[in-house]
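The values are calculated or read from the model by the stated rules, or taken from the named source; none is laboratory data. Because the structure is a prediction, the values reported are computed rather than measured. Here the Cβ positions follow ideal geometry from the backbone for every residue, glycine too, while neighbour counts run over all protein chains shown. Side chains included, ligands, DNA and RNA excluded: accessible areas come from the protein's heavy atoms. Shrake-Rupley method; radii C 1.70, N 1.55, O 1.52, S 1.80 Å.
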Amino acid sequence: MLGKRGMRRGRPCFFIPCPMSHQQEIIEQLLQNILSELRFLSAWSKDWDQLPRNEPMMFPEEVCERLRCSRSTLNNYVKKGMPYYKAGNRTYYKWSEILAFMKSTRK
């Protein structure tokens with residue numbers, strides 16, 4: 001018997017009916033997955049709360065566009081000391097700090 005089709009994180013998945021004896025196992029696994037996601041979101045929100053709020057933060061794509069450089073060039077600037085902020089797995093930049101960094105490296 002074929003299962004019902006759905007989506008999970010943008011990827012297709014299938015829901016396959018199971019016997020009553022396996023329902024408790026499935027429920028426990030789902031609870032573990034939910035708790036894992038909640039722990040991840042909790043850690044991410046702590047990082048997010050530490051970001052400065054007095055100036056809009058920029059994504060790397062925006063920085064590359066404004067500096068007219070490639071992503072690898074931006075990564076080289078970061079290795080040389082360009083300031084950045086991390087929240088979860090995302091990187092953010094402040095334009096004023098980028099300008100200050102660029103002025104300090106121009107000697």
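Just one residue in the set THR73, THR91 is free of Cβ contacts under 8 Å to residues at least 12 places away in the same chain and β-branched (Val, Ile, Thr); that residue is THR73. Could you tell me whether segment 78-91 includes any residue that is open to solvent by 70 Å² or more (accessible area, probe 1.4 Å), more than 25 Å from THR105 (Cα to Cα), at pLDDT below 90 and of a type outside the set (Gly, Ala, Ser)? Checked segment 78-91: at least one residue is open to solvent by 70 Å² or more (accessible area, probe 1.4 Å), more than 25 Å from THR105 (Cα to Cα), at pLDDT below 90 and of a type outside the set (Gly, Ala, Ser). Could you say which residue among ARG53, ARG68, ARG11 is at pLDDT 75 or above and exposed (fewer than 10 other Cβ atoms within 10 Å of the Cβ)? Matching residue, one of ARG53, ARG68, ARG11: ARG68.
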